[in-house]
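Shown below is the structure under consideration.
Each reported figure results from applying straightforward, stated rules to the coordinates on display, with no laboratory input. A quick note: this is a predicted structure, and the numbers were derived from the prediction, not measured. Here the Cβ is made from the backbone with ideal geometry for all residues, glycine too, and neighbour counts use every protein chain on show.
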Amino acid sequence: MKLVVTIVGKDRVGIIATVSTILAENDVNILNINQNIMEGFFNMVMIAEMPENAKMSLGELQKVLKAEGEKLGLDIKAQHMDIFNVTHNV
Amino acid sequence: MITFDDIFETNRMITENKLDVRTITMGISLRDCAHPNITKFCQNIYDKITKSAEFLVKTGEDIEAEFGIPIIHKRISVTPIAIAADACETDTYVPVAEALDKAGKEVGVNFIGGFSALVEKGYTKGDRTLIQSIPQALASTDIVCSSVNLGSTKAGINMDCVREMGEVIKRTAELTREQEALGCAKLVVFCNAPGDNPFMAGAFHGVSEGDKVVSVGVSGPGVVKHALEELKGADFTEVAETIKKTAFKVTRVGQMVAREASKRLGVPFGIIDLSLAPTPAVGDSVARILEEMGLEACGAPGTTAALALLNDAVKKGGLMASSHVGGLSGAFIPVSEDEGMINAVQQGSLSIEKLEAMTCVCSVGLDMIAIEGDTSAATISGIIADEAAIGMINNKTTAVRVIPVPGKHVGDMVEFGGLLGYCPIVPVRNKYSSAAFIARGGRIPAPVRSLTN
């Protein structure tokens, strides 16, 4: 399943490192990263592939990312990519 | 390829503009549960509902989390009980309502609809028993919803039932007076009721449906309002185009949720209901969309035209986004469930008479309107007859869900809680009597436009 991971919040050192470590530990492969920083505000989108036999379910991964995000003052979401496909592709 | 901006736009629609899926509703046929013994019948329906919908709530929650789209309610609709229980040898269906309530709570749904009768042309014994049981059934249950279809374009209007429902609404209000007549918020009277509506209080599993079906009702007034905020002063062609595009996106989300739910539950997909359903939350209002089009307050002259445009554009945008569209599919204008409507009533801009005019061009009808508790049954029946006539003549669904709150008067506020919201008492300005008109009874014949063959 393809995931979209979005991270929004105040910029700081190590955001990508933290998130990509969590993803790697759970067999989630990053396919694409896109980010910008505007006035110290960090916006990032990762497209990633989660294998069928991943260590965690998507629900569990979401909880881990959310908890880590709260520690860093960031809003981290992981969503099934189809929600974006249906709203932007015919 | 989806862009960075697309992703943030979708998430903004969800977080800031309150895009959500209002309900996943599982329709369950109870036609195979019939039994002359009511205790056995109640056991049959309890077993069938709890088995069929065992994973409905969990599936809804999983989809909600995985896709990041809120799914506000999970609901069940069943075969109209007047049909399913017709064989029962009993003079009350209150135990049936209690069995529905228990089954719905067991599987964790928010509402269970179908304590219903379809009587536009006449009554069976089961229909009479059901209608007489409504007040007590709604008073002794929490999540059961009831509806009665008493008119259609094909059959005309059953004026005996119009008379009776005025009285049933009054009795329901009386029996639930401690909760601001909450029973009436779970009771709707229809003309041309669709059998595949996923929205409450009017959902039931139509007799032409399969054994089980999953349908989805979308929402999204906040998303439409936000899109129109970018169009200050633009002409109506542009307004309609923008609403269509927005409705398309909203409906595509609903279709995706329906497809996933259908696949995971192993139950066929029924329909997407394109209704633009508001909530009492700020930023989730249909009235505010109409105001965004340039009306100082909802209810001002021009409101019906604005609503007509909105309703039509939502359908045009939504149609292509879904493989099967059905249910009510149009903008809802409930008063207590829409922050902008509540505000318009408080400002004196929106009256029950204007709301009646608005129901000619949108889905449903006079919905969630609290009126004075001493409004007579005949006046309520008169309101029902007028709405049913609008539906019958215009070949559309209309409904009445009014709440005559005992002891409350114009100037008072009534709180129903949750999605049902809160409502100032709306004045029924015309104090002249409809009693002799309603007392006639009989049937208003089907209109000439019913003869389409």
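Quick check for me: using +1 on Lys/Arg Cβ and -1 on Asp/Glu Cβ, what's the dipole size of the protein assembly as shown about its Cα centre, in debye to the nearest 20?
1080
Further question: Simple spin-label model, 7 Å along Cα-to-Cβ: B:Lys245 to A:Ile33 in nm?
It works out to 3.3 nm between the two label points.
So, one more: Rg to Rh for chain B: what is it, with Cα atoms only and Rh by Kirkwood?
That ratio is 0.95, to two decimals.
What are the GluC sites (Glu not before Pro) within region B:220-275 that DSSP puts in a loop, where the Cβ has at most 12 other Cβ atoms within 10 Å?
Here the GluC sites (Glu not before Pro) that fit, given the DSSP loop and packing criteria, are B:Glu230.
What is the Cα convex hull volume of region B:114-226 when expressed per residue in Å³?
In region B:114-226, the Cα convex hull volume per residue is 141 Å³.
For the protein assembly as shown, state the semi-axes of the equivalent ellipsoid (square roots of 5 times the eigenvalues of the alpha-carbon gyration tensor), sorted largest first and rounded to whole angstrom.
Ellipsoid semi-axes (Å, largest first): 42, 28, 20.
Would you calculate the volume per residue, in Å³, of the smallest convex hull containing every Cα atom of region B:169-235?
Per residue, the Cα convex hull of region B:169-235 comes to 207 Å³.
So, counting K/R as plus one and D/E as minus one, what does the shell of residues with Cβ under 11 Å around B:Gly270 add up to?
So the environment of B:Gly270 carries a net charge of -2.
Using a 10 Å cut-off on Cβ to Cβ distances, tally the other chain neighbours for every residue of B:65-74 and report the average as a whole number.
4
Still on this structure, please answer the following. Just in region B:222-296: which trypsin sites (Lys or Arg not before Pro) are loop by DSSP and have at most 11 other Cβ atoms within 10 Å?
Loop-located and lightly packed - B:Lys232.
Same structure, new question: Loop-only chymotrypsin sites (Phe, Trp or Tyr not before Pro) in region B:397-436, please: DSSP not H, G, I, E or B, and at most 14 other Cβ atoms within 10 Å.
B:Tyr432
Beyond 15 Å, how much of the Cα-Cα pair distribution for region B:362-447 remains, as a whole percent?
Pairs farther apart than 15 Å: 63 percent.
Could you work out the local net charge near B:Lys408, counting Lys and Arg as +1, Asp and Glu as -1, over the other residues with Cβ closer than 12 Å to its Cβ?
Around B:Lys408, the surrounding residues sum to -4.
Where does region B:245-394 land on the Kirkwood hydrodynamic radius, alpha-carbon pairs, in angstrom?
By the Kirkwood definition, the hydrodynamic radius is 16.5 Å.
Sticking with this one: Across the Cα atoms of chain A, what radius of gyration and what greatest pairwise Cα-Cα distance (Dmax) are found, in Å?
Computed over the Cα atoms of chain A, radius of gyration and Dmax are 12.9, 40 Å.
Using a 10 angstrom Cβ neighbour count of at most 15 plus a DSSP loop assignment to flag exposed trypsin sites (Lys or Arg not before Pro), which longest range of chain A is free of such sites?
A:13-54
Please list the three semi-axes, largest first and in whole Å, of the ellipsoid equivalent to region B:1-60, using sqrt of 5 times the eigenvalues of its alpha carbon gyration tensor.
43, 10, 9
Still on this model: Find out how many positive minus negative residues lie around B:Phe8, taking Lys and Arg as positive, Asp and Glu as negative, among other residues whose Cβ is under 13 Å from that of B:Phe8.
It works out to a net charge of -3.
Right, next: If you restrict to DSSP beta bridges whose two residues both lie in chain B, what percentage is antiparallel, to the nearest 5?
Roughly 35 percent of the DSSP beta bridges within chain B come out antiparallel.
Any idea what % of Cα-Cα pairs in region A:43-90 are farther than 13 Å?
65
What fraction of the Cα pairs in region B:11-146, stated in percent, has a spacing above 21 angstrom?
Here the long-distance tail beyond 21 Å is 43 percent of all Cα pairs in region B:11-146.
Relative to the Cα centre, what is the charge dipole magnitude of region B:134-231, using +1 at the beta carbon of each Lys and Arg, -1 at the beta carbon of each Asp and Glu, and rounding to the nearest 20 debye?
Approximately 180 debye in magnitude.
Taking a spot 7 Å from the Cα of B:Arg449 along the direction of its beta carbon, which residues of region B:385-414 have an amide N less than 13 Å from it?
B:389-398
Once you compute Rg and the Kirkwood Rh from C-alpha atoms, what is the Rg to Rh ratio for region B:44-114?
1.07
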